[in-house]
Amino acid sequence: MPARSPKSSAAPWVPEHGDLSALQHASKDCQGCDLFKTATQTVFGEGPAHSDLMLVGEQPGDKEDLAGHPFVGPAGRVLDEALAAAGIDRRRAYVTNVVKHFKWERGSGKRRIHSKPNETEIRACRPWLEAELDRLRPRVLVCLGATAAQALLGRSFRITVSRGQWIPSPLAPHVLATAHPSSVLRARTDAEREAALQALIDDLRIVAPLVPSPERR
């Protein structure tokens, strides 16, 4: 662990060398911002070390914080459903988040309610995401939700305007943004939920031809 614990950057904890496994191991000690104080553990990205597809969300949720794995809660189940419907095997994707610790506030009883990470926290965690991109070098990068899209594509990016479109970017040969799976869960009616899920599936179908699968080999 570094001798000092700066509150604005994870950079001192990010190893200069080593593969994704080395990054994941090093991330367990990260104190680059104050979120480590209330999170159960770091939730680092997971997936094949040579995946063509990288999916980036906002931050781990309550279930992910407890399990130590990304997208294993309700939003993760929506993502699994959408990927399957689009013809993408999640096991072939590398899945991660812009922020690696769960930010939350106390709800009723013992419930922990998601709290959106702020700019300082997103910026502090950026070195981990940059390291993941550097090690993985994905062919396709998909931003899930506004937080991920704005963190990677700029604060002026608007999901409502440019979702489901290829975005020129030096981050990967093919970059696309879509809604976060949690937006499906927030829909107020069954009809709205069905429409939100279908829109997510449609966006992922744009990506599917670029992701190798046994059926397309």
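Just a few scattered comments:
- With the whole protein complex present, W104 retains an accessible surface near 60 Å², based on a 1.4 Å probe.
- Carbon and sulfur %, accessible surface of the range 37-122 computed with the full protein complex present, 1.4 Å: 50
- Sequentially through the range 30-46, phi angles give Karplus couplings (6.51, -1.76, 1.60; θ = phi - 60°) of 5, 10, x, 8, 7, 5, 5, 5, 10, 7, 5, 6, 6, 10, 8, x, 9 Hz, Gly and Pro residues having no value and appearing as x.
- Positive-end residue of S108, T189, F157, charge dipole of the chain with Cβ unit charges: S108
- Separation of alpha-carbon centers, the range 1-72 and the range 122-141, rounded to whole Å: 11
- Ranked packing of 146-154, 158-166, 53-61, most packed first, by mean Cβ within 10 Å: 53-61, 146-154, 158-166
- Interchain or long-range residues, amide H under 5 Å from G57's placed H: T96, N97, V98, L144
The values are calculated or read from the model by the stated rules, or taken from the named source; none is laboratory data. In this text, all values refer to a predicted model and were calculated from it rather than measured experimentally. Ideal geometry is used to build each Cβ from the backbone, glycine not excepted, and the neighbour counts take in all protein chains shown. To get the accessible areas, we keep the full protein, side chains included, count just its heavy atoms, and leave off ligands, DNA and RNA. Shrake-Rupley method; radii C 1.70, N 1.55, O 1.52, S 1.80 Å.
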